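The values are calculated or read from the model by the stated rules, or taken from the named source; none is laboratory data. Quantities reported herein were computed from a predicted structural model and do not represent experimental measurements. Glycine gets a Cβ as well: all are built from the backbone with ideal geometry, and neighbour counts include every protein chain shown. Calculation scope for accessible area: heavy atoms of the full protein, side chains included, ligands and nucleic acids excluded. Shrake-Rupley method; radii C 1.70, N 1.55, O 1.52, S 1.80 Å.
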Amino acid sequence: MDEGNHSASNLPLRRESGVDIENLDLLDGKERENTTTYGEPLLTKRKNTTSQIAIVGSNVCPIESLDYEIFENELFRQDWRSAKKSQVFQYVVLKWAFALLIGLVTGLVGFFNNIAVENIAGFKLLLTSDLMSDKKYYKAFAAYAASNVGLAAVAAALCAFIAPAAAGSGIPEVKAYLNGVDAHSILAPSTLFVKIFGSILGVSAGFVVGKEGPMVHTGACIASFLGQGGSRKYHLTWSWLRYFKNDRDRRDLITCGAAAGVAAAFRAPVGGVLFALEEAASWWRSALLWRTFFTTAVVAIVLRVFIQFCTTGNCGLFGQGGLIMYDVSAASATYSVPDILAVLFLGILGGIFGSVYNYLVDKVIRTYSIIHEKGAAAKILLVITIALLTSCLSYGLPWFAVCQACPTDESVSCPTVGQSGNYKSFNCPSGYYNDLASLFLNTNDDAIRNLFSTSTTKEFHISSLFIFFAAVYFLGIITYGIAIPSGLFIPVILAGACYGRLVGRLFESISALDTGLFALLGAASFLGGTMRMTVSLCIILLELTNDLLLLPLVMLVLLISKTVADNFNKGIYDQIVKIKGLPYLEAHAEPYMRHLVTSDVVSGPLVTFSGIEKVGRILDALRTTGHNGFPVIDEPPFSDAPELSGLVLRSHLLILLKGKIFSTDRVVCGAEILRRFAAFDFAKAGSGKGIKLEDLDIEEEEMDMYVDLHPITNASPYTVVETMSLAKAAILFRQLGLRHLCLVPKSQGRPPIVGILTRHDFMPEHILGLYPHIKAH
């Protein structure tokens, strides 16, 4: 939906539109007005003065912005003045109570995910190994492949039929939401349900995906669900939770949820806070830092309690691990000049591999989106095909590995039978193990644990590491983008740890570092090369591995890999945001914006209302436009000259019209509105709960009556002069978290408002559509 009409001139609306509504994944079959498309256009058609773009290989969705601005109208001021100390105290207490609730629920969900994956995947792998030990190789493959395909098909069906928005990582969507983008259904209860169970089934099906990315989305969905007081659609509502009826408070809750998701996924509470700060949130303040830290601390306590409970053996195949997932602290972390050279080499390698990975993932997602347009059956068939390919490679490639003799150390179990471990016998005789099977026929977490294992330099043959790296790199690329919840962290850590170990073997003669530590540094370099994060990744890896002595090297390798990769393309999440067509506002303005002023990009015509307006004219404007903001202008006799009274929202107009406080004469009747309504009546409803135009029942004789808009008009909207540079306005718009920015004329004697800037006006697609001669870079 467009956010507001833009210019006082009668220019044609030059939006990038003309999209086939039936092919929109996020619409759930419901038609929405004024669909706006963003994302890199692959096929452009121009007709006369209106630009139409058909995007091939890119998702398109109708976009609205969130109201992060405090709407200061008369109702708000009345509510603020009448607030008692007890109400303010209740509000503060509820904020912390919500942080506690989000931490508790996210911690429980994270633990449930771990138990479910370990047990489902564990039983599947045990069945396969039992058949292998009985020399029933074909039956073992049939059981392994059938289990994977069955689990994958169920996960795909959940995504295709219940919640298409649950597919993928979810981090780009959460990042876009916290930037102010209200994409349809990304935080819906159905998305939460599919995200949890789809992620469990997808990871258990043996795909090269992780459950860590989806946990961030899950935490955000939990926070959104609690923040809006449950779901009326699913009859899960609690009146005492319906306190935060504005996007500003919900944004803070969802930031806490995203941080809790990382903390639950990696058991890294501090890393979760830093992830929310560095990658997820577009706005931050010290009060939010306290609450996110409290939320992640609650998650850590919940996980600790339940993991301690599992040490008694009551969790099935779930291991006895603690909060440290991959402990490498046993290895000596002393290093010298040759080790620094090896780290520099790893950083460069990670930057190159990461940028190539991002480029290929981009192409694969665009290709898959064309397949997804063919319907649910095509989505499920694609998932089954990838599941079969993954099963064939996971089971087939270990046959090419050479059996290796078990280590003489009696403290290790070799070959490993009936549990996770470094030494899988597969097709090898007694006393030998298959190193490739130890990586492929394990859960992804156990495979990483094997690669990170210290004091095991010769455990994996060099050829086996090459084969595993190539397979994981390839499978990670082709798996991301299919219709299952899938995280990118684990595939990237797997591939990075693999080539890290290879580099460790290469520098073995001159380096004193353990190959397990090289695997950790390789994982860090690949993460830096794909995701382009530094501080949060550094802390997450340290919390994962419990090795503070390696901090300088991890910092160095992350900085180098990010710097190298930034020369080629953007981070993976930024690319996916663009592919999904989400109008994300960057922290910096594009260089070409310095050569334009704000009035250069507005388009119209502008629709304004008088302070006291006819009901019929308001209804006509609501029916014929999809705008969410309308300027209100006072004219004589209510003012000495035409002046901008403020801005009124579509949602507030609908509520006011529903209340039917009309008058036959054009007179001020704000007192009656203030008496009948409270600020809470105009608070934002949850998704799909607000009043729609069809809900209004306006009689014919009421169409010529008047309604006073002053009580619901934001009397202090943000305004800028029409000659301000577009670059300056873009930074202002993002930093203040605005939905509408009013343009006022520089000179007197003109209408009091020139136009309205919205998020869409700052998008490169819109600007370059208006001025095609401008170079984008």
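Residue-by-condition table, conditions (1) in contact with an Asp or Glu (Cβ under 8 Å, 6 or more places away or on another chain); (2) within 24 Å of Gln735 (Cα to Cα); (3) touching a residue at least 12 places away in the same chain (Cβ under 8 Å); (4) open to solvent by 20 Å² or more (accessible area, probe 1.4 Å):
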site	(1), (2), (3), (4)
Glu173	no, yes, yes, no
Asn179	no, yes, yes, no
Leu192	no, no, yes, yes
Ser204	no, no, yes, no
Can you spot a residue in segment 137-145 that is in contact (Cβ under 8 Å) with a residue 12 or more places away in the chain and open to solvent by 30 Å² or more (accessible area, probe 1.4 Å)?
yes
Test of understanding: among Phe89, Phe98, Phe141, which residue is more than 32 Å from the chain's Cα centre (by Cα), closer than 30 Å to Ala679 by Cα and not aliphatic (A, V, I, L, M)?
Phe89
Could you go through segment 73-83 and let me know if any residue there is open to solvent by less than 40 Å² (accessible area, probe 1.4 Å) and under 28 Å from the mean Cα position of the chain (by Cα).
no
Per the filter on segment 611-636, residues within 36 Å of the chain's Cα centre (by Cα) and in a helix (DSSP H, G or I) are Ala621, Leu622, Arg623, Thr624
Give segment 668-687 a look and list any residue that's farther than 14 Å from His652 by Cα and open to solvent by less than 70 Å² (accessible area, probe 1.4 Å), or say none.
Cys669, Gly670, Glu672, Gly686
For segment 52-83, enumerate the residues that are farther than 22 Å from Thr255 by Cα and at pLDDT 80 or above.
Glu72, Asn73, Glu74, Leu75, Phe76, Arg77, Gln78
Give the residues of segment 469-481 that are modelled with pLDDT of 95 or more and either more than 24 Å from the chain's Cα centre (by Cα) or not in a helix (DSSP H, G or I) (or both), sorted by residue number.
Phe469, Ala470, Ala471
With respect to the numbered conditions (1) closer than 25 Å to Ile462 by Cβ; (2) among the polar types (S, T, N, Q); (3) modelled with pLDDT of 90 or more, which one is the sole condition not fulfilled by Thr545?
(3)
Scan Phe466, Phe474 and give me the residue that is more than 30 Å from Phe275 (Cβ to Cβ) and touching a helix residue (DSSP H, G or I) at 6+ places or on another chain (Cβ under 9 Å).
Phe466
Which numbered condition trips up Tyr433, out of (1) surrounded by fewer than 22 Cβ atoms within 10 Å (Cβ to Cβ); (2) outside any loop (DSSP other than H, G, I, E, B)?
(1)
So Ala715, is it closer than 16 Å to Leu75 by Cβ and modelled with pLDDT under 80:
no
Of all residues in segment 502-526 being open to solvent by less than 10 Å² (accessible area, probe 1.4 Å) and more than 15 Å from Leu344 (Cα to Cα), the one that is farthest from the chain's Cα centre (by Cα):
Thr515
So which residues in segment 357-377 are part of a helix (DSSP H, G or I) and open to solvent by 30 Å² or more (accessible area, probe 1.4 Å), if there are any at all?
Tyr359, Leu360, Lys363, Thr367, Ile370, Ile371, Ala377
Answer yes or no: is there a residue in segment 209-225 that is at pLDDT below 90, open to solvent by 20 Å² or more (accessible area, probe 1.4 Å), within 22 Å of the chain's Cα centre (by Cα) and over 15 Å from Asp445 (Cα atoms).
yes
Specify which of the listed residues (Ile691, Ile731, Ile753) is under 35 Å from the mean Cα position of the chain (by Cα) and at pLDDT 90 or above.
Ile731
Sole residue being outside any loop (DSSP other than H, G, I, E, B), touching a residue at least 12 places away in the same chain (Cβ under 8 Å) and of a type in the set (Val, Ile, Thr), chosen from Ile731, Ile753:
Ile731
Among the listed residues Leu757, Leu693, Leu743, which satisfies the condition of being surrounded by fewer than 18 Cβ atoms within 10 Å (Cβ to Cβ), of a type outside the set (Gly, Ala, Ser) and on the phi < 0 side of the Ramachandran plot?
Leu693
Unique match (being open to solvent by 30 Å² or more (accessible area, probe 1.4 Å), in contact (Cβ under 8 Å) with a residue 24 or more places away in the chain and within 29 Å of Leu303 (Cβ to Cβ)) among Val535, Val557:
Val535
